[in-house]
Each structure stands twice: as structure tokens, then as C-alpha cells.
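Note sheet for the following structure.
The values are calculated or read from the model by the stated rules, or taken from the named source; none is laboratory data. In this text the structure is predicted, and so the values were computed from the model without any measurement. Methodologically, a virtual Cβ is constructed for each residue, glycine included, from the backbone with ideal geometry; neighbour enumeration extends over all protein chains shown. We work out accessible area using only protein heavy atoms, side chains counted, and drop any ligands, DNA or RNA first. Shrake-Rupley method; radii C 1.70, N 1.55, O 1.52, S 1.80 Å.
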Amino acid sequence: MEKTLGWDLHCHTVFSDGTRTPLQLVQEARERGLDGVAITDHDTAAGWTEAVNAARGVGMPLICGTEMSTHWPLSAGKISVHVLAWLYNPDGRQLVELFARTRQRRLERARTMVANLARDYPISWESVCDQAKEGGATTIGRPHMADALVAAGVYRTRADAFAGVLSKRGPYYVSVETPTVTEAIRAIKDAGGVAALAHGGSFARNRVVLSDDQIRACVDCGLDALEVNHRENSPEQRTRLTKLAQRWGLLVTGGSDWHGQDGKPNMLGENSTDVPTVKEIARRGAIPVV
Ligand SMILES: [Zn+2]
Ligand SMILES: [Zn+2]
């Protein structure tokens, strides 16, 4: 069998912090010759309907999913962890409650951060909301604050704003309270979805990453896969995660974490998942691949 480009199972659109619509996502996936693509916006399934219609129109196979923000609690602080959830039933009760809770907390956090920033910079809640391309369907976050700061002339680019006043180490930053990793995985499995630990070897987000024992605890909750192939996982971490996947019989996936060209440098399909693995994900999922 000829080797194909595979699937990009980790992509964001304007329904969270991406800069492209679901239609642009499937069109670009098609242009790049991918076998298929997944929509995985942060803590929401709001883009699914648009993505399904676009995928059917373009003739591009699609997996519906979400990237959930979660954490592993430590005695001092926490490890921020992202979990990819594919092909879950969007009516799953536990998940619906978790999403609603996280979105509410994100909204409260965004309002607090914008109020803090507005004391020193010419932005307002209204000017930040104006940057959300999908209005009420989007969860307002730091990218929108960054865009409002750029629109107000405070910074030249979104990246400058992130490195500046929006920095996690800055005085304006407020963290979001998220569910625990194990709570999220249980909810995904309750909804019949397939769960993967996203960029589990990334030191770009945490000083420590999940230990072998902590990942094992996730497996015991039903974790299906490890996203080994992601630009933020170092070669050493990829080797480590691959070994863990082999030891515990987990699927190995890859994704670009695409946000559209204006958002981040990630190119669609720069990391991908092979077709046999996607077939297994499809077999385990509660809803069909489009
Ligand atoms: Zn992530
Ligand atoms: Zn992501």
C-alpha cells in the first residue's frame, strides 16, 4: 500500500483561538493532500456543524473533536495538561457540564484580566469582544486581548502582546481553573470518545511534564492515545512517549496544532497520524467520521 500523508488530528479554528474558519481548514487540508483532518478547538464543540458541512462540501474526511484544558494538581501548584477528545457524543452529560464550567471560568478570568489591563492600556471588554470572529460562539481568551492591544496600537503583533503584558509571568495574568486530567478523561470516555494526551512532552508550557506514573493513572481512567508527534515534544520526549505507548498498548498520534498562518508558525500537516491508527480511533469513537 502506498504511504499517504495521513491525518492531522490537532487543528484550531476561529471557534477558539485560530484565525481560519472550518471551511478554510478543510480546504487547506485538501490542498495539502492530507487523508483527513480533525477540528479540535479549545473546550468547545461549537465549530462542529460548520466543519461537517464544509467537509461534506469539499469532500474532505473529517473527525470532530475538542482540545480540553485540564490540570494535574501538585502539592504546590499544578501541571497544565491538554487532552484531545475525538468522536465523542456531544450530549454526554459529564462532558457538557465540564465544558460549561470551564467556559464560565474562562469568561470570568477574561473579564478580570481585561479589567486589570484597562487600567493601564486603551482597551475595554467591548474592544476585546470585537476581536472574536465568531461572536458568542467563541471563548474569549488572551488571543482576543492581544488582537485588541494590536488594534489599539499598543503592540505591532499578537506575538509581541503575548511576550509583553499578556505574559503568564506578567502582573495582569490571571489563570483559569480547569478540571483535573483524570476527571476530563473519565468524562470523555463516558461520552464514548477517544482520549489522547496532547503534547505530553512539551516544556514550552510547564517546567515539569507528566511523569510515567501520572500518565499510567490516565491510562487507568481510559486514556487511548499519546500525541507523540507534535512540534513541542523534543526527540527525547518522543522516544519516551513512544516507549510508554508500546508498554501500555496506547495509540500513537501526531498533529500540527494548526491555528492558521497568522496565529502561529505551525503548518497544517507538519505532523500527522497514519491511516491505520485513524481507523482504530474511528472504530472506538461514539460518532462516525464524516
Ligand atoms: Zn494544547
Ligand atoms: Zn492545540
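Taking label positions 7 Å along the Cα-Cβ direction at both Met267 and Gln246, the computed distance is 2.9 nm, reported to one decimal. Along its principal axes, segment 1-89 has C-alpha extents of 49, 32, 26 angstrom, given from the largest down. Centre-to-centre separation between the Cα atoms of segment 208-251 and those of segment 12-29: 27 Å. Distance distribution P(r), segment 7-284, all Cα-Cα pairs, bin width 10 angstrom from 0: 7, 29, 37, 22, 5, 0 percent.
The accessible surface of segment 7-284, taken with every protein chain in place and a 1.4 Å probe, is 48 percent carbon and sulfur. Karplus-based coupling profile of segment 182-197, in residue order and whole Hz: 5, 4, 5, 4, 4, 5, 4, 5, 4, 8, x, x, 10, 10, 10, 7, with θ = phi - 60° in 6.51 cos²θ - 1.76 cosθ + 1.60 and x standing for Gly or Pro. Using alpha carbons only, the radius of gyration of segment 90-129 set against its Kirkwood radius gives Rg/Rh = 1.21. When the Cα atoms of segment 134-212 are aligned to their principal axes, the ranges along those axes come out at 46, 33, 19 Å in descending order. Note on segment 138-290: percent of Cα-Cα distances in each 10 Å bin, starting at 0 and stopping at the bin with the largest distance, equals 10, 31, 34, 20, 5, 0. Of the chymotrypsin sites (Phe, Trp or Tyr not before Pro) found in segment 177-264, those that fall in a DSSP loop while having at most 14 other beta-carbon atoms within 10 Å are Phe203.
Calculate how steeply helix 275-284 sits against the longest principal axis of the alpha-carbon atoms of the chain, using the helix alpha-carbon long axis, and give the answer as 0 to 90 degrees to the nearest 10. Relative to the chain, helix 275-284 is tipped by roughly 80 degrees.
Label zone (Arg216, point 7 Å along Cα-to-C-beta; backbone nitrogen cut-off 15 Å) within segment 45-84: none.
I'd like the distance separating the alpha-carbon centroids of segment 116-171 and segment 45-92, in whole Å. Segment 116-171 and segment 45-92 have Cα centres separated by 24 Å.
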